[in-house]
Amino acid sequence: MTRICRLPRKPKYYSVEPYHYSFSFCADEGEWKTLVKHSPYPLENYPSANATTTVVADDKGVEMSVVCIAPHVDKTDLLTQLSCLVHEGVHIWQNAKRYIGEETTGIEHEAYSIQKIVVNLTRDYLNKRGPREEEPVNTVDPAPQE
């Protein structure tokens, strides 16, 4: 009997420029363990909330944000999934600003920064956990039928 097991993926790291602050989307518990194993902060198990952004740090105190989306969110409509990613993307932006001590930024700079964060989060989420052709996603009907 052949047994197929899923090999753990290496997490991808992204940077919030020009802040030199990193973030990653954590697709599963294996990636979570890889991302947090060197953190000096006490961390709980793999988060169980719908969506979370957790700040972790290496042994030198360099912080980064880790976004986790619960597996049951994959079964919701695409709009719900994307709204979770946007929400967590804003938290990454807030963490990056806090990390470097930045209090004010231009509104256009802030909007472009959050947009870039969300694009990277969304791409990583869809590549790792997004819908496959054989698994259609229920979408929200944009207009009610009369």
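Note on Asp74 and Lys116: with the Förster distance fixed at 25 Å, the Cβ-Cβ geometry gives a FRET efficiency of about 0.55. Using equal-weight Cα scatterers in the Debye expression, the normalised intensity of region 42-82 in log10 at q = 0.20, 0.23, 0.29, 0.34 Å⁻¹ is -0.67, -0.79, -1.01, -1.18.
Excluding same-chain neighbours fewer than eight residues apart, the lysines reachable from Lys128 by a Cα-Cα span under 27 Å are Lys10, Lys12, Lys33, Lys37, Lys75, Lys116. Taking a ≥ b ≥ c as the square roots of the Cα gyration tensor eigenvalues, with a/c under 1.5 meaning rounded and otherwise prolate when a/b beats b/c, else oblate, which class fits region 61-122? Oblate, since a/c reaches 1.5 and b/c is not below a/b.
Laboratory data are not the source of any read-out in this text; all were calculated from the coordinates shown. Because the structure is predicted, anything quoted here is derived from the model rather than measured. Reconstructed Cβ throughout: ideal geometry from the backbone, glycine too, with neighbour counts over all protein chains shown.
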